[in-house]
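One structure is given here, and the rest of the page talks about it.
The values are calculated or read from the model by the stated rules, or taken from the named source; none is laboratory data. In this text, all values refer to a predicted model and were calculated from it rather than measured experimentally. Note that each Cβ is placed from the backbone with ideal geometry, even for glycine, and that neighbours are counted across all protein chains shown. Note: accessible area is taken over every heavy atom of the protein model, side chains too, but ligands, DNA and RNA are not part of it. Shrake-Rupley method; radii C 1.70, N 1.55, O 1.52, S 1.80 Å.
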Amino acid sequence: MLILLPPSEGKADAGTGRRLDLARLSLPELTGAREEVLAALVALSDGGDEEAARAALGLSEGQRGELRRNARLRAAATAPADRLYTGVLYEALDLASLPPAAQRAARRSVLISSGLWGAVRLTDRIPPYRCPVGARLPGVGALSAYWRRALAPAMDAAAGAGPVLDLRSGAYAATWAPRGEVAARTVTVRVLHEREVDGVPVRSVVSHFNKATKGRLVRDLLTAGARPRSADGLVAALRDLKYTVLEQPGPSHRPRQVDLVVTEL
């Protein structure tokens, strides 16, 4: 099973180990693309036009320190991705507290999307950075379109022959859309919050807190040792974990869309 996660804006303040070495990251076929995006980001952040750089990266005036951090990426200390990302999803997943077997499964199964790196595994050592996938970089252009061209072969290979649980947000999901038989093995998840209004159950899409639900979902799958071999098996595994799963009809050549209905966020 391959589990796809979005990155988080929240990151550790600093790395703790060796400098960045692109050649040591997983999915080595992305090394050239990563180098191109990294070079463009460093040049933009260190180019002297702070206002243009902040606009390109969606930074406020109070976040100018992020530009200084980006400018030093090649020399910055790194940390494993599972310690670098600190947002709501990763707090709910709480990888460090998982049993050893579940941690090993996470390192095999999880890929994190990234506007800078394309995709990384939990063990990949990367420095703290700021590079949303919605950014446009000089010489590279829109990152979503750039990675859409570069990612497909690597992601198709990473998907292997098993099911894919796609928990990425929309902007990151646009960087790779499963096609063909990979799409038939892919399950995407939307979180719905059910509450009672005037005695009537009402369901609504949640945004911020859906990240926590997705983090708990991955944690539960890993802790249970779930090893589904198909999209059907993945949906069954979610139901075995007592999640309320509603399937949305769709064409057979597209990923299966399921709604996860929760009463608590």
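Points to keep in mind about this one:
- Largest-first ordering by accessible area, 1.4 Å probe, given options M1, M155: M1, M155
- Given charges at beta-carbon only (K, R positive; D, E negative), |dipole| of the chain in Debye: 660 debye
- Accessible area, probe 1.4 Å, largest first, for residues K11, K211, K242: K242, K211, K11
- Across the chain, the relative contact order, built from alpha-carbon pairs under 8 Å that are at least six residues apart, equals 24 percent.
- Backbone N within the stretch 73-95 under 18 Å of label point (7 Å from R203 Cα along the Cβ vector): none
- Using 0.36 nm per residue and subtracting the Cα-Cα separation, the extra length available between R68 and A177 on full extension is 35.9 nm.
- Per residue, in Å², the accessible surface of the stretch 132-182 once ligands and nucleic acids are set aside, probe 1.4 Å: 41 Å²
- If you run the Gaussian network model on the chain, springs between alpha carbon atoms under 10 Å, then out of L89, L165, L59 the most flexible one is L59.
- Proportion of all alpha-carbon pairs of the stretch 111-180 beyond 21 Å (%): 24 percent
- Rounded accessible area per residue of the stretch 185-265, 1.4 Å, Å²: 59 Å²
- Rg/Rh (Cα only; Kirkwood hydrodynamic radius) as it applies to the stretch 218-264: 0.98
- Percentage, to the nearest whole number, of Cα pairs in the stretch 180-228 over 16 Å apart: 59 percent
- Overall Cα dimensions of the stretch 49-124, principal axis frame, Å, largest first: 48, 24, 19
- With protein chains left intact and a 1.4 Å probe, residues in the stretch 17-126 average 44 Å² of accessible area per residue.
- Here the accessible area of the stretch 57-168 is 50 percent carbon and sulfur, with a 1.4 angstrom probe and all protein chains present.
- What the phi angles of the stretch 91-98 give under the Karplus curve with 6.51, -1.76 and 1.60, with θ = phi - 60°, is a coupling list of 5, 5, 5, 6, 4, 4, 9, 5 Hz, glycine and proline written as x.
- Over all projection directions, the Cα-based convex hull of the stretch 1-60 averages an area of 6.1 nm².
- Taking amide hydrogens as placed 1.01 Å from N in the peptide plane, the amide H of V206 sits under 5 Å from those of V191, H193, each at least 5 positions away in sequence or on another chain.
- Using the Cα coordinates of the stretch 138-265, the gyration tensor eigenvalues translate into equivalent-ellipsoid semi-axes of 28, 19, 14 Å, sorted from longest to shortest.
- The stretch 1-105: radius of gyration and largest Cα-Cα distance (Dmax), Å: 15.8, 48
- D by Stokes-Einstein for the chain, Kirkwood Rh over Cα pairs, 10 °C, 1.306 mPa s: 82 µm²/s.
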